[in-house]
Amino acid sequence: MSAPAITDAKYVLGEKMDEGIPDIPSGPLDIYRKKASFSWKQMLQFLEGDEIIAFKQHVFRTLESDPLFARQPGEDIPVEQKRELAFRRCKQLFKYDFVTRDDVMQNPWKMTILNDCLGMYDWSLGAKYFLNKGVTTDSLLMLCLSEFVISSPDFEAAKFWVGNLGKTATHSVVFAQLYTPDGQCHGLHSFIVQVRDPKTLLAMPGVMVGDMGKKLGQNGLDNGFAIFHNVRIPRENLLNKTGDVTPDGRYVSPFKDPNKRFGASLGALSGGRVGITRMALVNLKLAVTVAVRFSATRRQFGPKEDEEIPVLEYQLQQWRLLPFLAAVYALEHFTRSFCMNFVEFQIGLLMKDKSDRQAELGREIHAMSCASKPLGSWTAQRGIQECREACGGHGYLAMNRLGELRDDNDPNCTYEGDNNVLLQQTSNYLLSWMQHKQQGLYTLETNLPTLNFHTLLYYSFQTLIQFLASSVHLFNVIISSDVVSSVPLAAYKWLVCFLLGESQRKLFHEKSSGLGDFEARNNSQVYYCRSLAIAYIEHTVLQRFHDLIQDEQTPAALRSVLGRLCALYGLWTLTNHMAILYQGGYFSGRQPVDFIHTAILTLCGQLKDDAVALVDVIAPPDFILNSPIGKADGELYKNLWSTVMQGKNVLERPSWWAEFCSDKPAVGSLRAKL
């Protein structure tokens, strides 16, 4: 028996519908758009397909035409008003009902795309809407087709950071340890608990529920806390897909093996981290769009005194921004294919699949999501900050939205699990897989091609360097092919294998010195297990992107630019592991580093003329992007000046002007000195 293969989702192109994609306004950015080596509309159709393109346009146009969703760039709104606006807009979204249950069954990807669209507009609104529609509904669907007492042992066991719970939620899905009357604990299960009266919004008896206060971002969403004191709920309120309790108090489960039940539960709870990976990508898309468009229109200095050039022409600006643009495209494909993997797992739950492969799929998705969330959120965090700085002082203006994106993305690094802690889940899975393989206890092949290494892949990097160096047209010819993208791919295969072995040896050494399992794992994270988990997920993203380019369904006209993006992403991320590559003997001498550095800069130069078209593919309409310096027409200063002049009291003196002009303290007088 073999496990279901986690493979790439296929992109199927329908009939060409260029006329269905609106043209971009003409302006200063046309200079770069005319230089592009590919059609941005063809790329958009390839990545999203006509159905999703039409769906996104419908959502965006609906929001833009509704006065309730009108806003100004950088507007400063009090928290209470933000929450009221988010609630009213959320209520309106339920009236629009963009995605019905039938829509989800026919195309599950639509729900993710709707989350993208709402997040691009405002993550507070997106979170509020999907906590009502998505999380609770899906939990009911996936975990249920019973009197229980819900109690928090102390205030340290309070539920914190629950979205919508601060002021408005009336019911909540509560995860708690399940104890049966015989005193046995059956582990984590989920229950539906009413926390407020829907008619008054007052707390139910035994429930203490409140608001956590202002956050760094996403303040339209009311995050709250709850403490339960002997709150009684019907037995039917247990979401019993993986386990149930009979009327006489006996625990029953369709999974006879507790490990299988645990695997299924892990997979079901991974949806949040799968979604957060995508949310972080959306933030990075917006930031890169703003920064690239700004860089293509902001002119400064140049080789001639009477001619200034766009800052995008500077190699330093390319090196700062274009690797993050490559990361957007790599993560775009990965998040879509991974979401489809999760849908496959959900279908198994619905079909009541109790097989070994279903349980293993759940564990594997858990391991992947525990690494993909850190990769996505950290990449976005670094990328947004780089974009902010690359836009100079204008990037610091609230109206240009980069600060908002930075603040809204920041919680992605900690909720649903702190990134550094989550990576331990991934490395634990990998080490467990390796141990079972070595002991011959693993009867299933892993679902992930990244782990199906039957031998360590010690590629001869030196031989490849010599081959590349022999080409007269090294960077004009070779880098445009898939040869260079295979260089980091081969290195990552070696890297994952090397770190697996090193982490296993480190754990063995710690245990041999007399430490217990907890202490040994604690002492093996930095430089070992943490690096292993990161290398593993980076390899997975790179491998899937590489496979997409090689797929016969990928249009030939797009392969060249996609190949450059793939090579740049792989080489750029690989630079974070240089020390390990030398430590393990995969690299030696200076030639590998010289090649990688030269290749990165050359690829940036080759992608420079495609950069504006590449962000046109991922950019939402101006109304959604909501950034004057990132508008599609490229009229940088006209748009910036117009927005500044629309600000409140821009030309007015301050309300405290009289105090400023009278009774001033004496700080020195020129007349007195004379």
Determine whether the stretch 36-50 contains at least one residue that is over 21 Å from Phe623 (Cβ atoms) and at pLDDT below 95.
yes
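For (1) assigned by TED's automatic domain parsing to the domain that holds Gln435; (2) charged (D, E, K, R); (3) part of a helix (DSSP H, G or I); (4) modelled with pLDDT under 95, each residue gets a yes or a no:
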site	(1), (2), (3), (4)
Leu499	yes, no, yes, yes
Glu502	yes, yes, yes, yes
Arg505	yes, yes, yes, yes
Phe508	yes, no, yes, yes
Arg521	yes, yes, yes, yes
Ala535	yes, no, yes, no
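Counting just the residues of the stretch 549-562 that are in a helix (DSSP H, G or I) and open to solvent by 10 Å² or more (accessible area, probe 1.4 Å), which one comes out nearest to Phe595 (Cα to Cα)?
Among residues in the stretch 549-562 that are in a helix (DSSP H, G or I) and open to solvent by 10 Å² or more (accessible area, probe 1.4 Å), the one nearest to Phe595 (Cα to Cα) is Ser560.
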Inspect all residues belonging to the stretch 594-608 and state whether any of them is more than 24 Å from the chain's Cα centre (by Cα), open to solvent by less than 60 Å² (accessible area, probe 1.4 Å), under 29 Å from Ala296 (Cα atoms) and among the basic types (Lys, Arg).
yes
Selection count where residues are hydrophobic (A, V, I, L, M, F, W, C), under 24 Å from the mean Cα position of the chain (by Cα) and closer than 17 Å to Glu84 by Cβ, scope the stretch 192-230:
1
Just one listed residue, out of Pro198, Pro247, Pro205, Pro181, is assigned to a loop (DSSP other than H, G, I, E, B), within 30 Å of Tyr121 (Cα to Cα) and not assigned by TED's automatic domain parsing to the domain that holds Leu349, and it is Pro198
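Okay, residues lined up against (1) in contact with a Leu (Cβ under 8 Å, 6 or more places away or on another chain); (2) of a type in the set (A, V, I, L, M):
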{"residue": "Val496", "(1), (2)": "yes, yes"}
{"residue": "Glu510", "(1), (2)": "no, no"}
{"residue": "Gly514", "(1), (2)": "no, no"}
{"residue": "Phe518", "(1), (2)": "no, no"}
{"residue": "Cys566", "(1), (2)": "yes, no"}
{"residue": "Met578", "(1), (2)": "no, yes"}
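The rows are residues; the columns are (1) at pLDDT 95 or above; (2) more than 17 Å from the chain's Cα centre (by Cα); (3) not in a helix (DSSP H, G or I).
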| position | (1), (2), (3) |
| --- | --- |
| Glu416 | no, no, yes |
| Leu423 | yes, no, no |
| Tyr429 | no, yes, no |
| Gln435 | no, yes, no |
| Gln438 | no, yes, no |
| Tyr442 | no, yes, yes |
| Glu445 | no, yes, yes |
| His454 | no, yes, yes |
Could you list, ordered by first residue, the pairs with Cβ atoms under 7 Å in which the first is in the stretch 78-102 and farther than 13 Å from Leu125 by Cα and the second is among the hydroxyl-bearing types (Ser, Thr, Tyr) and open to solvent by less than 40 Å² (accessible area, probe 1.4 Å), at least 6 apart or interchain?
Tyr96/Thr62
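Can you pull out every residue in the stretch 339-379 that is of a type in the set (D, E, K, R), more than 15 Å from Glu538 (Cα to Cα) and assigned to a helix (DSSP H, G or I)?
Within the stretch 339-379, Glu344, Asp356, Arg357, Glu360, Arg363, Glu364 meet the criteria.
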Enumerated helices (runs of 4 or more DSSP H) restricted to the stretch 50-128, each holding at least 2 residues that are open to solvent by less than 20 Å² (accessible area, probe 1.4 Å)
79-96, 109-121
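The values are calculated or read from the model by the stated rules, or taken from the named source; none is laboratory data. Quick caveat: nothing in here was measured; it's all calculated off a predicted structure. Counting neighbours? That spans all protein chains shown, and the Cβs are built from the backbone with ideal geometry, glycine included. Just the protein is used for accessible areas: all its heavy atoms, side chains included, with ligands, DNA and RNA removed. Shrake-Rupley method; radii C 1.70, N 1.55, O 1.52, S 1.80 Å.
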